[in-house]
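The structure under discussion appears below in the form of structure tokens.
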Amino acid sequence: MNKNKIYWLCQIFGWTIFGLLQIFLFSVAGAIDEFFVISQLIQVIFYILLTHLFRELVLRLGWLKYKWYSLIPRFILGSFLLSILHYLFIIGVSWATGDLNPQTDFSFFSIMASLMVSIGVLLFWSLLYLSFHYFERYNKSLQHEATLKEVELNNLKSQLNPHFIFNALNSIRALVDEDPAKSKNAITQLSNILRNSLSTERKKLVPFEEEIRTVKDYLELEAIRYEERLKAIMDIDPKSYDYYIPPLMIQTLVENGIKHGVSTLKSGGVIKIETEVTAEGLNIRISNTGQFMNGRTPSIGYGLLNTRKRLELIYGENARFNIGNNNSNTVLTEIIIPE
């Protein structure tokens, strides 16, 4: 059902309920006759047309673009002017039916009472109308924001894949002449990683187990290049496997630790991955031998900025990301994925 049909259904149904309520309340008081029922039905039709005219003016004047503090005086003024039209309509109907009593109908109290009731009813209608548009605009804003985030996330992931493939191929290239059998096995591992990467390309999150499997394959490929210079340690909390995380997130940080930490040292070093499930969520700690030089080496920020941005897009302020020197010889990267 389109918006126009919903609008007219709400108009007809809402004002009909209002008219029936009026008839019921006056019937309880015993002040009802056939003329009153007919006049109420006519009044319902008039209210439908009056509020529709008001809506057309609101749309034509572009009031819905204004902030709420600018809308309030406009709708109050509009309701006041429309209540005058409603009062003149009641007087006209009373005159046409011969039921007009100038002494009563034109008294100050009668005029003010009629205007106040009409203003109250029209303001209530305005509140409902604005609430509908506010929620509709809010939903559209959320949908637009979600679309933009999805596009940005896909762009970030598409940046990761070529970067990852380039480094993995470099590892295999170094092995082709030295050990063909090992290079074949490495190609198989790379194909497994790429298959997994392609299957998760359109996913915002992947099971923790899949990410760890990719990391293990990646570390085995890097071990070919660095041999005894690279030592990998994993200490995984079994509860971690209940979580979903952004794809290639841990792999990117491990790659960053090896590239800017372990590989820069003649004696190599250690890369350690630990996870722990706490009250805050999944705590992931990646430590590597080396020193973190924040801001002094431009290339060091690529994987970190990418990871930070993806966490922000997916979890907002609920996720945490920190990196720094844990001691004089170790860099610690810590991520907390919320429940």
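The values are calculated or read from the model by the stated rules, or taken from the named source; none is laboratory data. Quick caveat: nothing in here was measured; it's all calculated off a predicted structure. Note that each Cβ is placed from the backbone with ideal geometry, even for glycine, and that neighbours are counted across all protein chains shown.
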Every pair of residues 6+ apart whose Cβ atoms lie under 8 Å, when the first sits in region 95-117 and is without any contact (Cβ under 8 Å) to a residue 40 or more places away in the chain while the second is assigned to a helix (DSSP H, G or I) and surrounded by fewer than 11 Cβ atoms within 10 Å (Cβ to Cβ): SER110/THR104
Test result for ASP99, on the phi < 0 side of the Ramachandran plot and touching a Ser or Thr at 6+ places or on another chain (Cβ under 8 Å): no
Residue list for region 203-261, filter: part of a loop (DSSP other than H, G, I, E, B) and of a type in the set (Lys, Arg): LYS203, LYS204
Members of region 179-196 that are closer than 10 Å to LEU221 by Cβ and either loosely packed, with under 13 Cβ neighbours inside 10 Å or of a type in the set (Val, Ile, Thr) (or both): ILE187, ILE193
Can you name the residue in region 259-284 that is polar (S, T, N, Q) and over 35 Å from the mean Cα position of the chain (by Cα) and is also farthest from THR333 (Cα to Cα) among such residues? SER267
Collect the residues in region 321-339 that are without any contact (Cβ under 8 Å) to a residue 24 or more places away in the chain and of a type in the set (D, E, K, R), keeping them in residue-number order. none
Kindly provide the set of residues from region 129-152 that are surrounded by 12 or more Cβ atoms within 10 Å (Cβ to Cβ) and at pLDDT 80 or above, ordered by number. TYR129, LEU130, PHE132
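Can you go through ILE236, ILE212 and tell me which one is surrounded by fewer than 16 Cβ atoms within 10 Å (Cβ to Cβ), under 24 Å from ASN306 (Cβ atoms) and within 40 Å of the chain's Cα centre (by Cα)? Quick ask: steps written out before the conclusion?
Working: ILE212 fails: surrounded by fewer than 16 Cβ atoms within 10 Å (Cβ to Cβ).
On inspection, the qualifying residue turns out to be ILE236.
Listed here are the residues, each with its yes/no results for (1) in a loop (DSSP other than H, G, I, E, B); (2) at pLDDT below 85.
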position	(1), (2)
ASN283	no, no
SER287	no, no
MET293	yes, yes
GLY301	no, yes
LEU313	no, yes
THR333	no, no
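From the list THR264, THR297, which residue is of a type outside the set (A, V, I, L, M) and at pLDDT below 85?
Working: THR264 fails: at pLDDT below 85.
Going through THR264, THR297 in turn, the sole match is THR297.
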